[in-house]
Each structure stands twice: as C-alpha cells, then as structure tokens.
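Chemist: This is the structure I want to talk about, given as structure tokens.
The values are calculated or read from the model by the stated rules, or taken from the named source; none is laboratory data. Quick caveat, the model's predicted, so the values are computed rather than measured. With ideal geometry, Cβ positions are generated from the backbone for all residues, glycine too; neighbour counts draw on all protein chains shown. Quick note on the areas: whole protein, heavy atoms, side chains included, nothing else; ligands and nucleic acids left out. Shrake-Rupley method; radii C 1.70, N 1.55, O 1.52, S 1.80 Å.
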Amino acid sequence: MNHQTIIVLDFGGQYNQLIARRVRECGVYCEVKPYTTPLADLLAMKPIGFIFTGGPNSVYLEDAPHVDPALFDAGVPVLGICYGCQLIAHHLGGKVVAANDATAREYGKTETFFDTNCKLFKGLPEKSVTWMSHGDYMEKVPEGFSLVAHSDACPNVAICDETRGFYGVQYHPEVNHTEFGTAMIRNFLYEVCGATGDWTMGDYKNTAIAAVREKVGSGRVLLALSGGVDSSVVAALLAEAVGPQLTCVFVDHGLMRLNEGDEVEAAFKKWDINFVRVNAEGRFLSKLAGISDPERKRKIIGEEFIRVFEEESKKIGAVDFLAQGTIYPDVIESGLGNAAVIKSHHNVGGLPDYVDFKEIIEPLRLLFKDEVRQLGRELGLPEYLVSRQPFPGPGLAIRIMGEITKEKADTLRLADAIYREELEKAGENKKMNQYFAVLTDTRTVGVMGDGRSYDRVLALRAVTTEDFMTADWARIPYELLDKISGRIVNEVKGINRIVYDITSKPPATVEWE
Ligand code: XMP
C-alpha cells in the first residue's frame, strides 16, 4: 500500500530524526532526505508536505545550503523550522540578518504568544513556552506572509502564508521543551497537508521485513544478541524475515547482571531459532585488565565482541551479514553525523576498523527506544521482554569505575540485584525507566561492629525518561532508600557507604561512564 508521505528535508540540524519521529507519532509516513536531493526525485515521491529542518548555517552566506526555488511552485505545503523558516523567508523575498542585537537572538525556553487563527496553532493556547535556538533573525517578512507568533524579544517568531500553505517557526516544535510542539506538527500534517493518519508501526514492521529480505536474499545472518530489548526486537524481526538463515549469538562476557546469562539462554532456547551461547568471561576480563579509561573499555569490548562473532561465523560458515540492535540515540551519541562524541556506544563507535563481514544490518537504526518497544509488540514479543529496562552492551564494565576485576564485578552484581529486588517488591520500578547500581572507585572509612572498615562507595541510579536522550532522576521514597542501603551494607562485603545520584541528563548521562 502507498502511504501519504511527508519529506523532512535535512539541512544538518541536531533534531532531524526527532522531527521524523514526531511525524510517525502522528500516524504519518515520512522520510528524511538530504537537501541536495534533486527536486524531481523528491516530487516523484508524491509528498503531501515538506518539513525543512534546522541547521547550523546562515542563509545569507555564500555556501549556505539552499533548495531548488521551483519547490515553492510545486503546490506542496512547507513547514520550515529555525533555519528552514529563514530559508523560506530568504527565498520568497524576505530578509534574514545576523541578530547582532542580543535581544533578537534567542536560546532556550521562551514565552511565546500565538495567533490561534493560524491553522498551525488551531485549538492551542494563545501563550505557551517554546524552545529557541537561533542567532539569525527575519528582519523583513516576505510579501504575502503574516506574523503569527512573537516573543518579548522577537516580533517574528512564526510566519505563514495560508493561501500557499507555507509556514515557518523560529523555535523547535519537535523537542519536548516546546509545549504543544507535537500538536503544532500534527496541525501542519492534518489541517494543512490533509493527512489522514494512514501509517502505523505495523506498516513499519512490514516495510522493515521486506527490506531485510531484499538485502539478505539467500545469505546467512549472524545476530549479536544481548537479550536486551533492542537486540531481542531485531531477533524477532529477522526470525520473521529470514528465519532459518539466522543464527543468534549471545556472548556472555562475564559482565552481565546476576543470573542474567542463564535467563537470556532460557528465554531464547524456547524460540524456534538457531541460538548459540558463548561463555567468554575469561577472555573479556583479561583484555580489560588494568584499563580504567571508559572510552578504552568500550572500544576493547566492541572489538572483542566482533572477534567472537567472526569466530562463530566461521563455525557456521558463509555468513555474510552481521545484524545488531543499534538504535538512533546510540548513533548520535557515538558522534556519527554532525553531533559531538559523547560515548562510543559499543555497537556503533566501538566497532573496530576492520570487520570481517560483508555488511552490517541495523534495522532499528532510525528508531527511538519507545518506538522499538512498540515494534516489539507488533512482532508479538512477550511484554516482559519488550518492557525490560535497557542494559548497555558493555554491561557492568561501564558501571565499575576504574579497573575491572572479577571480584568487583561479583560485588556489584550482588548489590545491584538487591537494589532491583527492593524496587520491584515496592512496585517503584514501574515509575522509572532504568535503575541500576554503580561501583565507584572511591573508598571511605566506616565503622562496622566495633571495627573500622575502609570499603567502597556504591552509587544508586534511577531515571525517568521518554527516549533516553534526556532524563530526570527518579524520586524514590526515603524509606525505601533506607531499606536498600541497610540491606546492601549488611549483605554485600566490600561496600560500606551508599549514595543516591540526583543528577538529570543533561548535564550528566544515564550511565556513569
Ligand atoms: P547514556 O549513559 O548515554 O545512556 O545517557 C543512554 C542509554 O543508553 C544505554 N547505553 C548503552 N547501550 N551500548 C549500549 O548498547 C553502550 O555502549 C551504551 N552506553 C549507554 C544506557 O544504559 C541508557 O539506557
């Protein structure tokens, strides 16, 4: 079936995939295309609307990215966001200048006033908060356009020409900080472009299965399965797409949580798939011996994973494809594209330079975590697998500060199990999206019985988040923290002090390394 299509035209902004995700959330199919795509190719996709993204450039500079001006004569509505808005203004006779005057430059949350007669803001409050991030300013609005939003600092926050279906906003409606941002995007899709909401995650599933079948043909695929949500969803997807050609390899690197290796094996042994468990604790721990730097730990683990997969693939014979459960936030945080490196997610930036597979398949590469869960449900995965909290590929290696040893891993495993057990018993786990313990490298003095102790500090972390790109710390009741702390210091040798992490992301990250 052909779906109504929105094209997100990419001008290099930070949030482009987030725009695409918002469009999907509104039940409309969409594709992100580079701004350099020829207009004829874009129009051949029969889009019902274009969204121009933000971008780091200034439209008035010589080498700034532009669109083919004929796009504005194609009779297709356009929503321009930030740079995209300035581009519309620039092309249609307005004037964009650098906001030298600090008052017109805006960053962060801004109180904004809207004209709700404009279709974009229909049914929404006349005043709400938007997230701004722009240093340029529309000095002259193009002919035929009206001003439909302003802030105290800037008279030209949003423009529209309703007769031609052109809309531009200086702020970012796609980010969570913009109140009603998704509702504005929905208004553009449904009120302006005539969307009917003919796209679902079920369609995504079918498209993804068809794409895998086409790529793999009669070849063999090895899936790096960790038992976490992402790789489990890929397992289900590939099982449906290429069933018998698939082998799922689960590498137990000795840095799993308590009993996890056995639990993953038990869960997947039940499936009608080729499943192999490789016990590789000794091998990973010896490679990691003496290493404290978090980025080096990730790279070593990434490399060692690949080497194990290569060995397993030789045993299976003629494996062309390595499949991984990489999701979009992993891609951005590993610094691919324009974003800065925050962490090399082991399955992306942690890949060694040479990988002995013909190709890597990552069917979830454009999805956010909650979309992956939805897709898992579509594929019929049991709820306990789909709603599991994420567990990073490098495992406890990035939750043990400093050098990793088996003794430290065993200590952390026990403490983490008690923490999780108590949260789950109290039902608090349902109010948070990820929770775990971190073994710090700091020792402090304590008193136990009549003696002095000099043991490690354990940190507890729990966060609430929608997409793991930003997160808040969970408000665990004091009484429960007290119970957890008491149990851990009494039951786990080597820990004599417990702290609770009360930092959000940003400025911190979810994991400590
Ligand atoms: P951060 O710490 O980057 O974590 O805020 C965001 C989410 O990603 C998980 N995470 C990883 N997952 N490989 C993974 O598969 C990694 O290297 C990795 N590092 C972080 C983290 O657990 C959280 O859910």
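Chemist: Looking at region 116-140 only, could you name the residues that are under 20 Å from GLY55 (Cα atoms), over 30 Å from the mean Cα position of the chain (by Cα) and crowded, with 18+ Cβ neighbours inside 10 Å?
Modeler: Hits for region 116-140 are TYR137, MET138.
Chemist: I'm trying to understand the selection: among the residues of region 382-427, which are more than 16 Å from the ligand (Cβ to nearest atom), farther than 24 Å from GLU281 by Cα and surrounded by fewer than 18 Cβ atoms within 10 Å (Cβ to Cβ)?
Modeler: The answer is PRO382, GLU383, TYR384, GLU421, GLU424, LYS425, ALA426, GLY427.
Chemist: Only one of these conditions is not met by ILE185: (1) at pLDDT 95 or above; (2) open to solvent by 70 Å² or more (accessible area, probe 1.4 Å). Which number is it?
Modeler: So the condition that ILE185 fails would be (2).
Chemist: I've got another one for you. Looking at the structure I just gave you, is LYS505 within 16 Å of the ligand (Cβ to nearest atom), surrounded by fewer than 19 Cβ atoms within 10 Å (Cβ to Cβ) and over 20 Å from LEU258 (Cβ atoms)?
Modeler: It is true that LYS505 is within 16 Å of the ligand (Cβ to nearest atom), surrounded by fewer than 19 Cβ atoms within 10 Å (Cβ to Cβ) and over 20 Å from LEU258 (Cβ atoms).
Chemist: Next up: Which of the residues belonging to region 34-50 are in a strand (DSSP E or B) and surrounded by fewer than 17 Cβ atoms within 10 Å (Cβ to Cβ)?
Modeler: Scanning region 34-50 gives a single hit, PRO34.
Chemist: Answer yes if at least one residue in region 233-240 is of a type in the set (A, V, I, L, M) and open to solvent by 40 Å² or more (accessible area, probe 1.4 Å), and no otherwise.
Modeler: No - not one qualifying residue is present in region 233-240.
Chemist: Could you identify the single residue in VAL67, VAL8, VAL76 that is part of a loop (DSSP other than H, G, I, E, B), free of Cβ contacts under 8 Å to residues at least 60 places away in the same chain and closer than 24 Å to LYS119 by Cβ?
Modeler: Residue meeting the stated conditions: VAL67.
Chemist: Residues to consider are VAL447, VAL457; find the one that is away from the ligand (no atom under 16 Å from the Cβ), open to solvent by 20 Å² or more (accessible area, probe 1.4 Å), on the phi < 0 side of the Ramachandran plot and of a type in the set (A, V, I, L, M, F, W, C).
Modeler: VAL447
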